[in-house]
Amino acid sequence: MQFGLIGRHLGHSYSPEIHKRLHGHDYQLVPMEPQELPAFFARRNFSGINVTIPYKIDAFHACDALGEIARRAGCVNTIVKRENGTLFGDNTDLAGFQFMLRRAGIDLTGKHVLILGAGGASQTVQLACADAQTASVTIADKDDSKHCPQAEILVNTSPVGMYPHVCDSPVDLRDYPNLLAVADLIYNPARTRLLQQAEQLGLANTNGLSMLVAQAAAAAQLFLQQDIPDKHTAQVLQSLHADLQNWVLVGMPGCGKSTIGLNLAKRSGRTFVDIDHEIAQRTGTSPAEIIQQQGEPAFRDIESQVIADISSKTGLIIATGGGAVLRESNRQQLRQNARVLWITRANAHLARDGRPLSVNLDDLLAARSPAYQDAADVTITHNEDWDAVKLAAWDAFMQ
């Protein structure tokens, strides 16, 4: 093996794709159990490897020589086999975290920092705080996190909120009146509940994808013994984020979501998913029939289940039903991996056939507009020029 990643569970790792974009060399995922580690390190059948949970401390002890950051952190996430066969270990997580903060415009210097979690990632953040000369650092697990009202920067290193437990959040940010910014090391989903609340409160925020890409770039520099500029790292990050991001269309029934979504899918090569069609496929009954036979609450329960499933995927174009945004949980699910576009259209032009809820459209729009606004990242108006609205939707997702 030339380059790769070892860990215990690697099924959803983005690392091969990141390294492919960074340098183009072969990069393999090598899941293994703890009892396999000694033989793996003894064989040394690799040029360079990355190490993830739960083997970073084992890797530290397997190395013949260590870099400064690895010694400070007490763990290794990157190992290079030198020409004489010895293993050199270092830790690129600190460089990744510092890149993440720079890109988000978050400065730790002189700030009161609250770190959620006390594992290996927490150690990395603590190193960054030491280098930045923060005013104070509080490390908290569970209920301890509520005892730091002076916190200005909050960093989540815990797994709370990570897929598949996307409905969880480690804290309520309203408990921190002095908060300026939130950094969540989780990158799946892209917008955790914690980060969605940070957005609502107008706080600077970032997820962990930039850290993942930047630490991979730092590791690749060790593998290849060549410089990878921050500019190239940023380009890889931007392209990966764009490919993973869902495009979600919301708006009143009959505003054109499905037509526009199909056009976007044809233009982009992405898969198109219509939530109402998905419901019909899974239940064998159309949304209108479910509402008429079982009532709207029963339909909304089914709709929420489908939204939770589809929204956990990436790289899709998703058209929702008109009332899909009424439940806050649905809005949160839709936003977790997506850019959301609200299409507005004059009520006089909205289709009503086969839509049992589209009776009094003025009242319906008034009731739903706050939910559309809360869900949307951007809004466009359908002015009955289909070519223009399709182009506007494309431009909205290309921003």
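The values are calculated or read from the model by the stated rules, or taken from the named source; none is laboratory data. None of these values were measured; they are calculated from a predicted model. Neighbour counts run over all protein chains shown; Cβ positions are idealised from the backbone, glycine included. These accessible areas exclude ligands, DNA and RNA; they are computed on the full protein's heavy atoms, side chains included. Shrake-Rupley method; radii C 1.70, N 1.55, O 1.52, S 1.80 Å.
Per the listing Ser311, Ser304, the residue uniquely farther than 17 Å from Gln245 by Cα, small (Gly, Ala, Ser), touching a Lys or Arg at 6+ places or on another chain (Cβ under 9 Å) and modelled with pLDDT of 95 or more is Ser304.
For region 103-123, a tally of residues being open to solvent by 50 Å² or more (accessible area, probe 1.4 Å) and over 28 Å from Tyr55 (Cα atoms) returns 5.
In region 40-83, which residue that is among the β-branched types (Val, Ile, Thr) and assigned to a strand (DSSP E or B) is surrounded by the fewest Cβ atoms within 10 Å (Cβ to Cβ)? Only one residue tops the list, namely Val80. Considering (1) part of a loop (DSSP other than H, G, I, E, B); (2) closer than 26 Å to Ala118 by Cβ, the lone condition that His25 does not fulfil carries the number (2). The lone criterion from (1) at pLDDT 95 or above; (2) assigned to a loop (DSSP other than H, G, I, E, B); (3) surrounded by fewer than 21 Cβ atoms within 10 Å (Cβ to Cβ) left unmet by Met162 is number (1).
Scanning region 188-208 for residues that are closer than 17 Å to Val160 by Cα, without any contact (Cβ under 8 Å) to a residue 40 or more places away in the chain and surrounded by fewer than 22 Cβ atoms within 10 Å (Cβ to Cβ) turns up just one, Gln197.
Of all residues in region 291-318, exactly one satisfies the criterion of being in contact with a strand residue (DSSP E or B) (Cβ under 7 Å, 6 or more places away or on another chain) and either acidic (Asp, Glu) or open to solvent by 50 Å² or more (accessible area, probe 1.4 Å) (or both), namely Thr314.
Being more than 16 Å from Gly161 (Cβ to Cβ), touching a residue at least 12 places away in the same chain (Cβ under 8 Å) and in a helix (DSSP H, G or I) is the filter here; which residues of region 302-327 pass it? If the condition is that a residue be more than 16 Å from Gly161 (Cβ to Cβ), touching a residue at least 12 places away in the same chain (Cβ under 8 Å) and in a helix (DSSP H, G or I), then Ile302, Glu303, Ser304, Val306, Ile307, Ile310, Ala324, Val325, Leu326 are the ones that fit.
Every residue, every condition in (1) aliphatic (A, V, I, L, M); (2) more than 19 Å from Gln126 (Cβ to Cβ); (3) within 30 Å of the chain's Cα centre (by Cα), yes or no:
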{"position": "Arg43", "(1), (2), (3)": "no, yes, no"}
{"position": "Asn50", "(1), (2), (3)": "no, yes, yes"}
{"position": "Leu66", "(1), (2), (3)": "yes, no, no"}
{"position": "Asn77", "(1), (2), (3)": "no, no, yes"}
{"position": "Leu87", "(1), (2), (3)": "yes, yes, no"}
{"position": "Asp90", "(1), (2), (3)": "no, no, yes"}
{"position": "Leu94", "(1), (2), (3)": "yes, no, yes"}
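Close contacts from region 221-249, counting a first residue that is in contact (Cβ under 8 Å) with a residue 12 or more places away in the chain and of a type in the set (D, E, K, R) and a second that is surrounded by fewer than 19 Cβ atoms within 10 Å (Cβ to Cβ) and part of a loop (DSSP other than H, G, I, E, B), with Cβ to Cβ under 7 Å and a gap of 6+ residues or different chains, come to Asp243/Gly315. Summed over region 219-252, the residues that are among the β-branched types (Val, Ile, Thr) and within 18 Å of Asn188 (Cβ to Cβ) give a count of 2.
Among (1) over 22 Å from Asn207 (Cα atoms); (2) touching a strand residue (DSSP E or B) at 6+ places or on another chain (Cβ under 6 Å); (3) assigned to a loop (DSSP other than H, G, I, E, B), there is one condition Leu10 misses while meeting the rest; what is its number? The number of the failed condition is (1). Residue-level check: of (1) touching a Phe, Trp or Tyr at 6+ places or on another chain (Cβ under 6 Å); (2) at pLDDT below 95; (3) among the aliphatic types (A, V, I, L, M), Ala366 misses just (1).
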